[in-house]
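Single-structure report; data block below.
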Amino acid sequence: MKWNFIEPEINEINRKEYQPASYIRKSIMINRPVRQATLFMTALGVYDGYFNGKRLDEQLLRPGFTNYRARLQYQTHDVTDQVRAGENVIGAVVGDGWYRGTLGPDEDRNFYGEYLKLAAVLQITYEDGEEEYLTDSSWRATQDGPIRNNDLKVWEIVDMRREMQGWNDVGFDDSTWHNCKESSYDGILIPQEGAPLIEQEEMAPKIIKTPNGEQILDFGQNHTGHVKFTVSGAAGTTVELHMGECIDEAGNFTLSNLQSAGSKKKIEIQQVKYTLKEGTQTYKSRFLICGYRYVKLVNWPEKLKTENFTSIAIYSDFDKTGNFSCSNEEINKLFSNVCWSMKSNFAEIPTDCPQRERAGWTGDINVFAETANYLGKVDDFLVKWLHDFVTLQLSDGNLPYVVPPIPMGTVSNGSAGWSDAIAGVPMELYRFYGDKKILEQVYDTIKAFVEFNRKRAKKKHIRHCLKSGSHYQYILDTGYHFGEWMEPGKSLLKEGLLGLMAPDEEVATAWWYYSTWQLTQMAEVLGKDKDAKEYKKLAEQIKEAYNQEFLSDGIKNSDRQCKYVRPLYMELVEGKKAQEIASKLNKMCIAKDYVIGTGFLTTYKLLPTLCDYGYVDTAYKILENPKCPGWLYEVNSGATTIWENWIGIDEKSAPVNSHNHYAAGSVVAWLFAYCGGIRPVTPGFEKIQIKPIPGGSLTWANTSYESIKGRLVSNWKLENGHFYLHVEVPEGVETEVVLPDGSIEVIWGGIKEYHLTNWQGIYSSVH
Ligand code: BGC
């Protein structure tokens, strides 16, 4: 299929400035009866497409976000029912989106290109069987429509007095519009791979009057979306909607928590500025989506009525697969907060947060992938993102830490725990879906990255140039690594600088080991025996060096929980030594009164590790601990999503950093796999284990998961010293049911009830 790209903006404009949206149309004559008509469309920018005045479908911000330098998705629409004899019109509104809009933490624009482009092909099969592809460059365009400025993150400025009725249909006079310019695209065009971004839940607001007299709408739930509003007033009046997550210490609307670390600049993002036409009108932003709970209204021309506002959540469509509820309402709220952080950050790509950076930070999804797989059927979504990841490998094997790239993320630093998502995310997908295809697709990239690390481990950081010992060639201390990241009490800025000056070689070496070990697993699955042997050997060498350097005289920096959790869950340490380290970790957690001490890279494994070594009681006490840092501290502070920083609200009650980062929400995987005990034993749930682990204050917990083999249920309750378990598993699937007293039964599907009498609440640590 031949694509003809066009550029709708022909007049010279200052590309650094925000631009109006382009309205583009093309008329096509069809003179014979049509059997089938299919419209293929894409853009560099984001587009809303129409055929004979009708919007193509419900998808938002098409064609979606990919590494546009390599790959561009197109959409396919069946327009057979809309085709008319004679003139037909294809229309599109095109905005800046990820291609040209603000990307990342700062105000960088035009990252992928300065010129918006559009391409469409109409494939017609006539009744007589002849087939034709209609595509050329004869499009008409204008930038004089109602969207005066548009940006995905900063704002949408609209003047509805410029509305152009019927512009996308037959009969519109486009004589004042101009011809578009022929253009081209160098990357690969691919049919849409990921789930479409669509409107989802709707929310109604409450009205709040703040101490400084502002009028604010509170939608009660932090989320990603846009606000649909109805307003009437004098034509020419401009109203403003400002979207934010937080209320400040004085009770006023604020965006201060979204300030980038170190920046003093006034933050101006997430705004709709709307100039009214005559009469009553309803609007919702087309090319701006925001992360918010609150909306500050400016210059509202009439009395506020809640029924005039609806917030519509927006996220990439996925089937919800997992559910959890228990006797502790605060944990239930935590579960809900994690679900909302996932929804908020599953917008075309897995992002860190939906307001400040909105970027595909690889470390965040690396630690959250297991939770994401329990909560939703997200394989298409993640596979599409991994395909972009693969395109970004440099010739020396180095990998980026943000995918697709954003201005600051163009540098590939092979950052430990972040770039390693290239192995971690596919491994989780394989565990949940058992499909080898994704492993095949990423295999060479991981292998080249492991080799890249082998080469750079040989170079030494200036701090260590005098170190000797043959094991040192397996200690990785160069490159830029974020380290544990967001450990309690550490600041974003300081941690960033530290990563630059003195990267943490313990973290870097451990992750190099982990990816090498995962590569070995993949080689085995894919039948690459030579590689499996070779990388097993390398993994052993790194492990040995790690033990020699970091574990020979106990653990250095031993007041940090991450230093204990990491070698344990990565199985960098074994046997008695592992037991000792686990016991120290347990004691440390007790001494800290069960507040969390881990950051991004080990929080997701803190509770699993404690449970794996038999410290179930400690795990539950950390989970249910109401103090800061702790998951329930966030819940009790009124959080409706998961915070980026454990101290999301400071001692003066001021909000700190993003309130919508899912990384620490990775505890939900523990709720499924340990509290409810639903786990795949072999990839794709071919073999299942149900091993519930009751504990803490919980008197019951209901866990369910729609696996690709079918529905799995594990509902347990404690009553008068008795333990009851209700299990549901698909017919014909081998399932090992492990009860808390250590007894095991293998079943092959069906509904089963279990009962332990005189159960004292002492969990038997059967692995
Ligand atoms: C992002 C994180 C990200 C990190 C890198 C932050 O600014 O919001 O979630 O992973 O940078 O360490």
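The values are calculated or read from the model by the stated rules, or taken from the named source; none is laboratory data. Keep in mind it's a predicted model, so treat the numbers as computed, not measured. With ideal geometry, Cβ positions are generated from the backbone for all residues, glycine too; neighbour counts draw on all protein chains shown. Please note that ligands, DNA and RNA were not included when accessible areas were found on the heavy atoms of the full protein model with its side chains. Shrake-Rupley method; radii C 1.70, N 1.55, O 1.52, S 1.80 Å.
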inquiry  = So if the hydrodynamic radius of segment 238-282 is defined as the Kirkwood radius over C-alpha pairs, what does Stokes-Einstein give as its diffusion coefficient at 25 °C and 0.890 mPa s, in µm² per second?
reply    = 193 µm²/s
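Using the per-residue mean of other Cβ atoms lying within 10 Å as a proxy for protection, in what order, highest first, do the peptides 228-236, 537-545, 14-22 fall? List each step's numbers first, then the result.
Numbers: 228-236: 14.7, 537-545: 18.8, 14-22: 17.2.
Going from most to least packed, we get 537-545, 14-22, 228-236.
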inquiry  = Could you derive backbone 3J(HN,Hα) for segment 480-490 from the dihedral phi with the Karplus parameters 6.51, -1.76 and 1.60 (θ = phi - 60°), listing whole Hz in sequence and x where the residue is Gly or Pro?
reply    = 9, 10, 7, x, 4, 6, 6, 5, x, x, 9
ask   = Any idea what the dipole of the chain comes to, in debye rounded to 20, about its Cα centre with Lys/Arg Cβ at +1 and Asp/Glu Cβ at -1?
value = 1520 debye
For residue 46, residues with placed amide H under 5 Å, excluding near neighbours = 95, 96, 97
request  = Please report, in Å, the Rg and the Dmax of the chain, where both are computed over Cα atoms only.
outcome  = 27.6, 85
ask   = How large, in percent, is the carbon and sulfur part of the accessible surface of the chain at a probe radius of 1.4 Å?
value = 48 percent
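Can you give me the Rg/Rh ratio for segment 607-741, using Cα atoms for both radii and the Kirkwood formula for Rh?
Ratio value, two decimals: 1.04.
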ask   = If you count, for each residue, the other Cβ atoms within 10 Å and average over each peptide, how do 270-279, 243-252, 510-519 line up from highest to lowest?
value = 510-519, 243-252, 270-279
request  = Only loop residues by DSSP count here, and only those with at most 11 other Cβ atoms within 10 Å; note down the GluC sites (Glu not before Pro) in segment 618-655 that meet that.
outcome  = 651
key: Size of charge dipole - segment 140-203 - debye, nearest 20, with Cβ of Lys, Arg +1 and Asp, Glu -1, no other charges   = 300 debye
query = Order of 161-169, 62-70 by packing, highest average Cβ count within 10 Å first?
reply = 62-70, 161-169
ask   = Can you run phi through the Karplus equation (6.51, -1.76, 1.60; θ = phi - 60°) for segment 49-54 and list ³J(HN,Hα) in whole Hz, with x for Gly and Pro?
value = x, 9, 10, 6, x, 9
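So if I place +1 on the C-beta of Lys and Arg and -1 on the C-beta of Asp and Glu, and nothing else carries charge, what would the dipole magnitude of segment 627-721 be about its Cα centre? I want it in debye, nearest 20. Walk me through the numbers on the way to the answer.
On the way: 8 positive and 7 negative charges, 86 e Å.
Once rounded to the nearest 20, the dipole reads 420 debye.
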request  = Grab the Cα-Cα distance for residue 719 and residue 130, subtract it from 0.36 nm times how many residues apart they are, and report the gain in nm with one decimal.
outcome  = 204.8 nm
key: In order through segment 285-302: 3J(HN,Hα) via Karplus (6.51 cos²θ - 1.76 cosθ + 1.60), integer Hz, x for Gly, Pro   = 5, 9, 10, 10, 10, 9, x, 6, 10, 10, 10, 8, 9, 10, 6, 6, x, 9
request  = Using 0.36 nm per residue of separation minus the Cα-Cα distance, give me the extension gain between residue 280 and residue 458 in nm, one decimal.
outcome  = 57.2 nm
request  = Find the relative contact order for the chain and round it to a whole percent, using C-alpha pairs within less than 8 Å whose residues are 6+ positions apart.
outcome  = 11 percent
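For a 24 Å ceiling on Cα separation, which of these pairs sit above it: 209/264; 284/305; 460/537; 26/277; 117/384? List each step's numbers first, then the result.
Details: 209/264 28 Å; 284/305 17 Å; 460/537 22 Å; 26/277 27 Å; 117/384 22 Å.
Cα-Cα > 24 Å for 209/264; 26/277; rest within.
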key: Taking only Cα atoms of segment 1-152, radius of gyration then Dmax in Å   = 16.1, 56
note = With label points set 7 Å from each Cα along the Cα-to-Cβ direction at residue 537 and residue 734, the distance between them in nm comes to 3.3 nm
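Relative contact order of segment 453-513, please, whole-number percent, based on alpha carbon pairs below 8 angstrom and at least 6 residues apart.
Working: 63 pairs, mean separation 22.1, N = 61.
36 percent.
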key: Length added when fully stretched, residue 210-residue 574, from 0.36 nm per residue minus Cα-Cα   = 125.3 nm
